[in-house]
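Okay, structure first, notes after.
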Amino acid sequence: MFSDEDTTLVHAVQKQYASMNLKLPTGTFTILAAIALISSDSLTLQPKIIGLATGCKCLPKDKLPLQGEAVHDSHAEVLARRCAIRWLIEEIGRAASGGSHWRSAWITKMADDHYHLKDGVYMIMYISALPCGDASMRFLATFQDEEMAALKDSAMFPPLAPNVASRGRDNYSLLGVLRTKPGRADSPQTLSLSCSDKIARWNVLGIQGALGSALFHPIYLKKIIIGEVPLDLHDVVKSDCERAFWGRLQEIDGLPEGYKLSRPEVQFTSVGFIHSRSAQEHSSPAQRSCNESLTWVADSASPHEVLINGLKRGVSPKHRYKTIFWPGLSKVSLFHLYRKTRSIENLPLERQTMTYYQVKEGMTQYQIAKNCLLGEGRPFSGWIRSGARWENFGTCSDNGQQSTDITN
């Protein structure tokens, strides 16, 4: 039921997490997620965890950064994927600087100058709890008390149009719809879609993202391992995950060459997470999610950071725009790494005046695939896009003034 391979990987993720000694405030919990590379040649190449993160928070709409210096969405799954992007791009740099005697065990360069995972190498995601959004709606309803269930059943919401995302857990009985974070109705509104929705998006567009598509062919998850699901709910939750992650996108068409609808295998693990809500409640009431997020990128010069409000912990407002204080997973930091890597690879450089938004929009094949998913009349046409307003920056730091706050 639980494969030895999956269990070994989950234990390895948790060992790596424990080695960083993150201390949670009393009465708080968090979620852990990681992305690993696995080789079919397991005798000579052991699984490699490339990115790991914790987190349950995201920035409200009115606190999003204009210079790309703060991370919008600090949910563990989203951060782990950004860790993986950073590792992949940095691996190109390591391959280029290693000389003729060093080759990456995991990625290889194709004839068209794009990289790809080597034959027999595939990507797995581990999440310590069910992702928020569509995959967890029926699961959460199972644990509601009768009073809360009756209250939600009696709540009246306006009909949800096909091209509109539901606010959090509003219309909670509707399945297969886009949902924004956070789930709580009393929290400030955000532009971040749920982790279920984002995983579904990655299953079409790939883990590598828009900037990464200039360097990599689409990279897809082969398996998602999820914790904290009781054995008697495995069947219903697996059905919900398959619907949420790819089942609702079955009708997608017109994708350009290299893109596809990926259908990762969904598996569960009985291995608990030390800082989960249920584990924390054994020692003290875990009534709220932790404000801090931990991120770790394998083989990186600065492998781990602790974030709060989307920024490095301890960075004052007046210093947030300085390059040395950018979180490694922020948009502006990844943009800087992308441009540096293009130079290393001797690829044509875009004009220095081009903004992050303009460069992303210039990734033609990726944007065609994106339109197949998010365009008018398409499966995710209700996707809320942050757009140029929050992506109109370059790779130089800015001295503008802006504050951030965070919401559950």
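The values are calculated or read from the model by the stated rules, or taken from the named source; none is laboratory data. It should be emphasised that the depicted structure is a prediction, and the values quoted were computed from it without experimental measurement. In this analysis, Cβ positions are derived from the backbone assuming ideal geometry, glycine residues included, and neighbour counts consider all displayed protein chains. Areas reflect the complete protein model, heavy atoms only, side chains present, ligands, DNA and RNA absent. Shrake-Rupley method; radii C 1.70, N 1.55, O 1.52, S 1.80 Å.
Take every Cα pair under 8 Å in the chain that's 6+ residues apart, average their separations, divide by the length, and report that relative contact order as a whole percent.
26 percent
For Val306, what accessible surface area do you get with a 1.4 Å probe? Give it in Å², rounded to 10.
About 20 Å², rounded to the nearest 10.
Tally Lys and Arg at +1 and Asp and Glu at -1 over the other residues with C-beta under 9 Å from the C-beta of Ile38: what net charge comes out?
Surrounding charge for Ile38 is +2.
Please go through the residue pairs Lys63/Lys312; Lys15/Lys331; Lys57/Lys181; Lys198/Lys370 and name each one whose alpha carbons sit more than 19 Å apart in this structure.
Lys15/Lys331
Provide the net charge surrounding Asn163, with neighbours chosen by a C-beta distance below 13 Å and charges set as Lys +1, Arg +1, Asp -1, Glu -1.
+1
Can you list residues whose amide H is under 5 Å from Glu228's amide H, if they're 5+ apart or on another chain and H is modeled 1.01 Å from N?
Thr269
Measure off, as a whole percent, the carbon and sulfur share of the 1.4 Å-probe accessible area of the chain, all protein chains present.
So the carbon and sulfur contribution to the accessible surface is 50 percent.
Could you pull the accessible area for Trp106 with a 1.4 Å probe, rounded to 10 Å²?
20 Å²
What is the Cα radius of gyration of the chain over 2.2 N^0.38 Å, N being its residue count?
0.95
Tell me the label-point distance for the pair Lys23, Gln365, using the 7 Å Cα-to-Cβ offset, in nm and rounded to one decimal.
The modelled label-to-label distance comes out at 4.9 nm.
Would you mind putting 239-245, 127-133 in packing order, based on average other-beta-carbon counts within 10 Å, highest first?
127-133, 239-245
Summing -39500 (n - 2.57) over the DSSP H runs of n ≥ 4 in the chain and dividing by its residue number, what mean residue ellipticity at 222 nm do you reach, to the nearest 500 deg cm²/dmol?
Result for the chain: -8500 deg cm²/dmol, rounded to the nearest 500.
For segment 202-217, just list the computed ³J(HN,Hα) in residue order, Karplus coefficients 6.51, -1.76 and 1.60, θ = phi - 60°, integers in Hz, with x standing in for Gly and Pro.
Couplings: 5, 6, 10, 8, x, 6, 5, x, 5, 4, x, 5, 6, 10, 10, 5 Hz.
Which three semi-axes in whole Å describe the equivalent ellipsoid of segment 1-125, each the square root of 5 times a Cα gyration tensor eigenvalue, listed largest first?
29, 22, 12
Provide the per residue accessible area, probe 1.4 Å, for segment 32-82, rounded to a whole number of square angstrom.
28 Å²
Restricting the count to DSSP beta bridges whose residues both fall in the chain, what percent are antiparallel, rounded to a multiple of 5?
Expressed as a percentage, antiparallel bridges in the chain total about 70.
If I model segment 247-299 as equal point scatterers sitting on the Cα atoms and use the Debye formula, what is log10 I(q)/I(0) at q = 0.15, 0.16 Å⁻¹?
-0.80, -0.83
Cut-off 10 angstrom, C-alpha nodes, Gaussian network model of the chain. Which of Thr341, Thr26, Thr355 fluctuates the most?
Maximum among the listed residues: Thr26.
Express the accessible area of segment 195-256 per residue in Å², computed with a 1.4 Å probe while the remaining protein chains stay in the model.
Roughly 30 Å² per residue, with all protein chains present.
Using a ≥ b ≥ c from the Cα gyration tensor of segment 7-75 (square roots of the eigenvalues), is it rounded, prolate or oblate, where a/c under 1.5 gives rounded and otherwise the larger of a/b and b/c decides, a/b for prolate?
oblate
Whole-Hz Karplus ³J(HN,Hα) for segment 332-345, in order, using 6.51 cos²θ - 1.76 cosθ + 1.60 and θ = phi - 60°, x for Gly and Pro?
5, 5, 5, 5, 4, 5, 4, 5, 4, 6, 4, 5, 4, 7
Considering only the other residues whose Cβ falls under 11 Å of the Cβ of Arg201, what net charge follows from Lys and Arg at +1 and Asp and Glu at -1?
+2
Quick one: which residues, 5 or more positions from Gly51 or on another chain, have an amide H under 5 Å from its amide H? H modelled 1.01 Å from N in the peptide plane, none for Pro or chain starts.
Ile35, Ala298
Once Lys and Arg get +1 and Asp and Glu get -1 on their Cβ, which of Phe139, Ala96, Leu24 lies farthest toward the positive end of the dipole of segment 11-148?
It is Ala96, whose Cα lies furthest towards the positive end.
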